[in-house]
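*Asks:* One structure follows; several queries about it will come next.
Bear in mind these aren't lab numbers, they're just calculated from the coordinates by the rules spelled out. As the structure is a computational prediction, the values presented were derived from the model and not from experiment. For neighbour counting, all protein chains shown are included, and Cβ atoms are generated from backbone atoms with ideal geometry for every residue, glycine included.
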Amino acid sequence: MTTLPAVTPAAERSAVTTAADRPGRGRRRSGTPYAFLAPALVLFTAFLGAPVVYAGYLSLRRVKVSGLGLGRGSRVEQWAGLSNYTRVLTDSEFLPSVGRIALYGLIVVPLMLGGALLMALLIDAGRSRAGRFARTAIFLPYAVPAVIASLLWGFLYLPRISPISDVLNGAGLSAPNVFSSSWVLYAVANIAIWGGMGFNMIVLYTALRTIPGELSEAARIDGASDVQIALRIKIPVILPSLIMTFVFSLIATLQVFAEPMTLRPLANTISATWTPLMMVYRDAFIRNDIHAAAATSVVIAVATFALSFGFLKLVGSRAFRQED
Amino acid sequence: MAVATAVKARTRRSPAATVLLVLGAAYCLLPVLWVVIASTKSAGELFSTFTLTPSTHLFDNVAALSDYRGGLYWRWMANTALYAGVGALASAFVSAMAGFALARYAFPGKSVIFNLILAGVLVPGVILAVPQYLLLAKVGMTNTYWAVLLPSMISPYGIYLCRIFAAAAVPGEVLEAARMDGAGDWHAFARVALPMMRPGLVTVFLFQFVAIWNNFMLPYIMLGDDRLFPVTVGLSGLLNQGATQPAMYTSVITGALLSVLPLVALFLSLQRYWQVDLAAGAVKA
Amino acid sequence: MRKAIGGALAASLLLLAAGCSGSDDDSGGTAGGGKVELTYWSWAPNMDKVVEGWNAGHPGIHVTVNKQDGGDPAVTKLLTAIKAGSGAPDVMQAEYQKIPTLVSADAIADIAADAGGLKAKFPDSAWNAVTLGSESVYGVPQDSGPMMFYYRADVFEKLSISPPATWDQYADAARKIHSANKKQYLGTFSANDPGWFAGLAQQAGASWWGVQGDSWTVTINDAATQKVAGYWGGLVQEGVIANTPMYTPDWNAALNDGTQVGWLSAVWAPGVLEGNAASTKGKWKVAALPQWDPAKPASGNWGGSATSVTTQSKHKKQAVEFITWLNTDPAALKALAGTANIYPAATEATSTALTAPPAFFAGQQDFYAIAAEAGKVTNPFTYGPNVNVAYSAYNDAFGKAAEAEQSAAFTAALGTMQTTTVSDMKTAGFKVAG
């Protein structure tokens, strides 16, 4: 570990300020927590808070063009009320893209978490020498950024290159075109599952390791099988972890972007508005309409809040709450 | 733990478990295997020889990639190391201070601050990139290293994790004892709490490292000068050169392989630190 | 409100950056001694080497090239910088079809006062593209992309087909080739390349936008384009032409292994073929585009760009001086053609810079003669202020049509493109006739 650049001076300054604020050393500590929080709060305000507020502001504005729109002064920015929101919500592409990610989520979340849970349980059960190897191998994709992962899978999906279609052809079957409209959703989902399974497996495995061994041992002496132990003891104990991985997978689903964006040039079947975030991208960068993009962003953010907190409330989880 | 290991040593091996685990591993390794093999092929062989037959052109490909615009690829790698390394280090440190304060102090506004930070977890990077650009442009910082580094230093998720780690790993009594000995708050944090939080901080570091390395939009929008690009943006540019230029597939594939290698090495060497108990807070509550 | 947020942010950034020295990036501005520093965004390969020629001879004006990923990302970044009020380069490579968009966003400057005299050095079609038919001048033409037909001469010879002079003959050739070998296609309909389709429509006589008094006209769905869409829809439905996009690894592989044996492309194609299908060297030949009416030969344009000065540049005069040199000086034209591998728009280039055929077509001495002829018969075409919207609608609508493989879906897709484009313009406030 080398020196800490950029932040260190700020941090030390905070500490100094704190000492100065506190005449009776160690007595009144009212300023201390704020000093510790200061760098985080400054960064948070500058790079999360302000942009979010700014996006909200932009979503209420619009650019009005007059005439041919050439020449100076033919564009004015003005208040738009909620018109950007009505435009987004009535856009004929919006609902289909929402429906698409709902379906996508129904594929990705259960398969990814199911796979992660299965692998975590298998490794935890310690019934195979392949455990260590599998743990490392399954975790490996987490090190591959989504853009590069999509690129690799993009190659593997092409019939001319895919070893899978070689195998299928060898067996006399014709490989399906994964970019056809009936398969493309699975093609994108597969990349997300591949990239996300390992991380979730590690989370669940970490939780499994906290279960005292005596618990399973006692059950085993009572004649319970591995499957029964997993279902009756292990899964209920790690349920809070499962819930949290579920919430984070849900958030990731709502934000799916990099995979379809990277695959798009390879396929006829991925439109510019394939997912809601792609619609934001289209509005901001292709249509040059940052105001509509901001409105869609706000809609997505609100939906994410509602869904994740709604779910947590539903299952009565107290994660995300404070413990004081 | 010792008991658990002892119990497991006595358990029988299960072939079914082995088959499932190997299948899972094979699924995860297939694209990695492909990229390793593909990077040994020349441009002509890439599309003509059997997919999983390796060839001998790895060094030619690396040389061609290194030659591209005077070794620009290696500059991208160095930039990535800078963005992700420095960004994640700073982020872990900022998160540690914030998490420590949230876990170990009671103060007015605490729950408001914590809830705000939690809400930040839910905001996608793609949405932030444009307003971040517009705001940074006001202070003339776009198209600089800072434009990518500074926004990368804040991680709401890291703060959330650090709060959990601090609450779990730093007992209040230890801090009280340190204060009794006359240590200031800063001293108590830096000398006592920080070392105790270290395993958790490595996790936060790795977490943010991956997040920065994965965030394509931010550098893509912020940087106009390709000497400042991280490797992901650079490779994507090699791939999409526009209609009038040929795509540089062999370079992209070789570049993808080389860019993933250091990260894989980092992950494997720090694997024992991966203890992400997302629900630790929930269990305690 | 905007100011307040900006101010708050600036304050917090200053606080944070207090401990750090300034950035090591030195873009823009004037260095000491009255020397002018210009930044130039371009995606042409080796443009930095071409610019070295300028820097060596002009110590007072130093130009730094920032290589971009391509036309679309560069425009995206430029427009974002314009919105932000800072961050734009001084000089910018701009594709012809993006010029109305950039003018409309007030991103590129009118340089008529300093560059108006260059008109005589360029063909009318190129000059029109940078003036939008007005008195203003929004850039100096750099390169153009007259469309031509590339084909595998060996395959044509084996099947004793002669290069098609008309689109009917092209269709016949496609049928013959595909029936001789079910894996082989004479071409593909690419839903990912709106510029390609626009060029083919241009050849047929379409001009998708136009100006009528103080309002725009949009005629994407006109008879000429309908004819082109219906033609390609028919070939795709028949199955004699592929329906997968160009510029994918699969398409590259197909060029390499001889399953794609023809390409309707432009003058810059040799570079792409050489990079993607090196193993087929010597097997390709080029001909003029097949014609709708052989009595009235016509061509279209795919690609091509101008060099513009941005509105944020503080040194517009010097920037114009540079782009004039870059696109008209004989030495610069030679470097553009030889080093940056582009087809200069300046009329003079054909006689001075383009004397030998490109290396990949070494056997075809008349390569540039065919290109020059195609450039001469290129139909006029006007682009509108929301080309990106229309092009994105092309991707989506024709993607669906290509997937459906129905001729009717192709002409219907054109209708979708037209409505999407018009409604976007109306929403933004543009005056649209009709």
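*Asks:* At 37 °C and 0.692 mPa s, what whole-number value in µm²/s does Stokes-Einstein give for the translational diffusion of region C:235-356, with Rh from the Kirkwood sum over Cα pairs? The partial results should precede the final answer.
*Replies:* Numbers: Rh = 17.7 Å.
My calculation gives 185 µm²/s for D.
*Asks:* Can you pull the mean other chain C-beta count within 10 Å for peptide A:257-266?
*Replies:* 4
*Asks:* I've got another one for you. Quick check of the Kirkwood formula: for region B:89-200, what is the inverse mean of 1/r over all pairs of different Cα atoms, in Å?
*Replies:* Across region B:89-200, the inverse of the average 1/r is 15.6 Å.
*Asks:* Here's another thing I want to ask about it. What area, in nm² and to one decimal, does the C-alpha convex hull of region A:121-174 cast on average over all directions? Write out the running numbers ahead of the final one.
*Replies:* On the way: hull surface 22.5 nm².
Over all viewing directions, region A:121-174 projects a mean Cα-hull area of 5.6 nm².
*Asks:* More than 21 angstrom separation, counting every C-alpha pair in region B:1-121; what % is that? Walk me through the numbers on the way to the answer.
*Replies:* Values: 5244 of 7260 pairs.
Pairs farther apart than 21 Å: 72 percent.
*Asks:* A further question on this structure: If you add up the charges near A:S74, with Lys and Arg at +1 and Asp and Glu at -1, over every other residue whose beta carbon is less than 11 angstrom from its beta carbon, what do you get?
*Replies:* Within the 11 Å Cβ shell, the charges total +2.
*Asks:* Moving on to the next point. In region C:206-295, if the dipole is taken from +1 on Lys/Arg beta carbons and -1 on Asp/Glu beta carbons about the Cα centre, which of C:A242, C:N256, C:S279 is farthest to the positive end?
*Replies:* Checking the options against the dipole of region C:206-295, the answer is C:S279.
*Asks:* What does the structure give for B:12-20 when I average, per residue, the other chain Cβ atoms found within 10 Å of the residue Cβ?
*Replies:* 5
*Asks:* Roughly how big is the protein assembly as shown's charge dipole about its Cα centre, with Cβ charges of +1 (Lys, Arg) and -1 (Asp, Glu), in debye to the nearest 20?
*Replies:* 2940 debye
*Asks:* Under a Cβ-Cβ cut-off of 13 Å, what is the net charge of the residues other than B:M248 that fall near it, where Lys and Arg count +1 and Asp and Glu count -1?
*Replies:* Around B:M248, the surrounding residues sum to -2.
*Asks:* With all pairs of different alpha carbon atoms counted, what Kirkwood hydrodynamic radius in Å does region C:316-384 show? It would help to have the intermediate numbers written out before the result.
*Replies:* Details: mean 1/r = 0.0742 Å⁻¹.
When all Cα pairs of region C:316-384 are included, the Kirkwood radius is 13.5 Å.
*Asks:* Also, quick follow-up: What is the mean number of Cβ atoms from other protein chains located within 10 Å of the Cβ atom of each residue in peptide A:270-282, rounded to a whole number?
*Replies:* 3
*Asks:* Ok, one more. Given 20 °C and 1.002 mPa s, how large is the Stokes-Einstein diffusion coefficient of region B:198-266 in µm²/s, with Rh as the Kirkwood radius over Cα pairs?
*Replies:* Result for D is 157 µm²/s.
*Asks:* Separate question: Please report, largest first and rounded to whole Å, the three semi-axes of the ellipsoid equivalent to region C:130-234, where each semi-axis is the square root of five times an eigenvalue of the C-alpha gyration tensor.
*Replies:* Each semi-axis is the square root of five times an eigenvalue, giving 35, 17, 11 Å.
*Asks:* Here's something else I'd like to know. How do the peptides C:215-222, C:180-187, A:33-40, A:120-127 rank, highest first, by the average count of neighbouring beta carbon atoms within 10 Å per residue? If you can, show how the numbers build up before the last one.
*Replies:* On the way: C:215-222: 20.0, C:180-187: 17.5, A:33-40: 24.8, A:120-127: 22.8.
So the order, starting with the most tightly packed, is A:33-40, A:120-127, C:215-222, C:180-187.
*Asks:* Right, another one. Can you list the aspartates and glutamates whose alpha carbon is less than 19 Å from that of C:K183, not counting same-chain residues fewer than 8 positions off?
*Replies:* List returned: A:D166, C:D154, C:E157, C:D172, C:E238, C:D250, C:D257, C:E403, C:E405.
*Asks:* So what is log10(I(q)/I(0)) for chain B at q = 0.08 1/Å, when the Debye sum runs over its Cα atoms only?
*Replies:* -0.49
*Asks:* Could you tell me what fraction of 2.2 N^0.38 Å the Cα radius of gyration of the protein assembly as shown comes to, as a two-decimal ratio?
*Replies:* Its radius of gyration relative to the 2.2 N^0.38 Å reference: 0.98.
*Asks:* Would you mind working out the magnitude of the charge dipole of region A:175-283 relative to its Cα centre, with +1 at each Lys and Arg C-beta and -1 at each Asp and Glu C-beta, to the nearest 20 Debye?
*Replies:* Values: 6 positive and 6 negative charges, 36 e Å.
Roughly 180 debye for region A:175-283.
*Asks:* Quick one: compute a quarter of the convex hull surface over the Cα atoms of region A:85-139 and quote it in nm².
*Replies:* If I average the Cα hull's projected area over directions, I get 5.2 nm².
*Asks:* What is the Cα coordinate range of chain A on the first, second and third principal axes, sorted by size from largest, in whole angstrom?
*Replies:* Rounded to whole Å, the extents work out to 80, 79, 43 Å.
*Asks:* Still on this model: When a/c reaches 1.5 or more, the comparison of a/b and b/c decides; with that in mind, is region A:20-175 rounded, prolate or oblate per its Cα gyration tensor?
*Replies:* Judged from the Cα gyration tensor, region A:20-175 comes out oblate (a/c at least 1.5, b/c at or above a/b).
*Asks:* Say the cut-off is 31 Å between C-alpha atoms; which of C:K67/C:K400; C:K119/C:K283; C:K77/C:K376; C:K227/C:K334; C:K98/C:K158; C:K98/C:K296 go over it?
*Replies:* Details: C:K67/C:K400 34 Å; C:K119/C:K283 39 Å; C:K77/C:K376 34 Å; C:K227/C:K334 40 Å; C:K98/C:K158 43 Å; C:K98/C:K296 29 Å.
Distance filter (> 31 Å) returns C:K67/C:K400; C:K119/C:K283; C:K77/C:K376; C:K227/C:K334; C:K98/C:K158.
*Asks:* To the nearest 20 Debye, how big is the dipole of region A:55-174 about its Cα centre, given +1 on the beta carbon of each Lys and Arg and -1 on that of each Asp and Glu?
*Replies:* Computed about the Cα centre, the dipole is about 320 debye.
*Asks:* So for each of A:104-110, B:190-196, A:223-229 I average, over its residues, the number of other beta carbons within 10 Å; can you give me the resulting order with the highest mean first?
*Replies:* Highest-to-lowest ranking by the protection proxy: A:104-110, B:190-196, A:223-229.
*Asks:* Now a separate question. Per q in 0.13, 0.20, 0.21, 0.23 1/Å, what log10 I(q)/I(0) does a Debye calculation on the alpha-carbon atoms of region A:157-255 return?
*Replies:* -0.71, -0.96, -1.01, -1.13
*Asks:* Specify which residue in the list B:L135, B:P195, B:L122 is farthest towards the positive end of the charge dipole of chain B, using unit charges on the beta carbon of Lys, Arg (+1) and Asp, Glu (-1), about the Cα centre.
*Replies:* B:P195
*Asks:* How large is the translational diffusion coefficient of chain C in µm² per second when you combine the Kirkwood radius over alpha carbon pairs with Stokes-Einstein at 37 °C and 0.692 mPa s?
*Replies:* Details: Rh = 23.1 Å.
Answer, rounded: 142 µm²/s.
*Asks:* Can you give the three extents of the C-alpha atoms in region A:107-213 along their principal axes, from longest to shortest, in whole Å?
*Replies:* Principal-axis extents of region A:107-213 (Cα, largest first): 50, 28, 22 Å.
*Asks:* Quick one: what are the phi-derived ³J(HN,Hα) couplings along region B:50-62, Karplus 6.51/-1.76/1.60 with θ = phi - 60°, whole Hz, x for glycine and proline?
*Replies:* Once rounded to whole Hz, the list reads 4, 3, 9, 8, x, 10, 10, 9, 3, 5, 4, 5, 5.
*Asks:* Over every pair of different alpha-carbon atoms in region A:202-280, take the mean of 1/r and invert it; report that Kirkwood radius in Å.
*Replies:* Its Kirkwood hydrodynamic radius stands at 15.7 Å.
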